[in-house]
1. Mind checking which residues of the range 96-132 are surrounded by fewer than 24 Cβ atoms within 10 Å (Cβ to Cβ), of a type in the set (Val, Ile, Thr) and within 30 Å of Val42 (Cα to Cα)?
2. Could you please let me know if Ala21 is touching a Lys or Arg at 6+ places or on another chain (Cβ under 7 Å), buried (at least 16 other Cβ atoms within 10 Å of the Cβ), of a type outside the set (Val, Ile, Thr) and not in a strand (DSSP E or B)?
3. May I ask you to verify whether Asp93 is in contact with a Lys or Arg (Cβ under 8 Å, 6 or more places away or on another chain), surrounded by fewer than 18 Cβ atoms within 10 Å (Cβ to Cβ), within 13 Å of Pro57 (Cβ to Cβ) and at pLDDT 95 or above?
4. From the set of residues in the range 24-52 that are surrounded by fewer than 13 Cβ atoms within 10 Å (Cβ to Cβ) and in a helix (DSSP H, G or I), which is modelled with the highest pLDDT?
5. Could you please give the count of residues in the range 55-90 that are modelled with pLDDT of 95 or more and not in a strand (DSSP E or B)?
6. Scan the range 121-147 for residues that are of a type in the set (D, E, K, R) and either part of a loop (DSSP other than H, G, I, E, B) or farther than 23 Å from Glu206 by Cβ (or both) and jot them down.
7. Taking the range 161-183, which residues are surrounded by 15 or more Cβ atoms within 10 Å (Cβ to Cβ) and either over 18 Å from the mean Cα position of the chain (by Cα) or of a type in the set (D, E, K, R) (or both)?
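The values are calculated or read from the model by the stated rules, or taken from the named source; none is laboratory data. What you are looking at is a predicted structure, and each value in this text was computed from that prediction instead of being measured. Using ideal geometry, Cβ is built from the backbone for each residue, glycine included, and neighbour counts are taken over all protein chains shown.
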Amino acid sequence: MHAGTRLLPARIAADGVAALAPHLLAQPTALRRGDFDLNPAVRPASRALMPAAVLLPIVRRRAPSVLFTRRTAHLARHAGQVSFPGGRTAPSDRDAIATALRETEEETGIAPHHVSVAGFLESYETGTGFAITPVVGIVDTAFSLKPNPDEVDEIFEVPLAFLLDPSNRETKTTEWAGTTRRYYAYTYGQHYIWGATAGILAGFVERLMP
């Protein structure tokens, strides 16, 4: 195990945003990452993308963890999949932070005052046509959960040290639309994290553990 998988979580537990912010972007950027990074041969030449934002929530426990949701089975998009709290940008949202915090509260019940924004990751293009701005935040432990039953089946946490360990990231392949596609995945207990969520995680880990 890389020494940083132990040391960095300990620094985040002690110093919060101050330990995390130097590894992150201070402002959102144009698209730099996405589902097509592992599949460049099928990257679209140009297309309009739907703006969205997610919160990558790091819970400031003694051993920090990352909070995820599992979407309900009846949703039209990504039913049953593990994701970060977040969604489409609404006309009333002033910026990506507003979108991420609004969606987080709607989905999980975590109020914005429990979240301290540390920075951003590179925007992420999904195969389904979204341009996602990942907002990284430190969540204090005083929050209470109130999952939205229309959107969320489960809320769970994964130790940050587990996600930082490069041996826990896998590269998988699948057949989709007549081609072989590659994607990142993490397996933690019964939880399988893949697709755009795993891709965003991979970018986060690369920033923290270059």
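1. Thr126, Thr128
2. Judged against the criteria, Ala21 is not a match.
3. Taking the combined requirement at face value, the residue does not satisfy it.
4. Once the filter is applied, the top-ranked residue is Pro40.
5. Here the count works out to 9.
6. Glu122, Asp140, Lys146
7. Once the filter is applied, which keeps residues that are surrounded by 15 or more Cβ atoms within 10 Å (Cβ to Cβ) and either over 18 Å from the mean Cα position of the chain (by Cα) or of a type in the set (D, E, K, R) (or both), the range 161-183 yields Asp165, Arg169, Arg181.
For every residue, the table says whether it meets (1) closer than 24 Å to Met50 by Cβ; (2) in contact with a Leu (Cβ under 6 Å, 6 or more places away or on another chain).
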{"site": "Glu107", "(1), (2)": "yes, no"}
{"site": "His114", "(1), (2)": "no, no"}
{"site": "Val135", "(1), (2)": "yes, yes"}
{"site": "Phe143", "(1), (2)": "no, no"}
{"site": "Pro159", "(1), (2)": "no, no"}
{"site": "Thr171", "(1), (2)": "no, no"}
{"site": "Trp176", "(1), (2)": "yes, no"}
{"site": "Arg181", "(1), (2)": "yes, no"}
{"site": "His191", "(1), (2)": "no, no"}
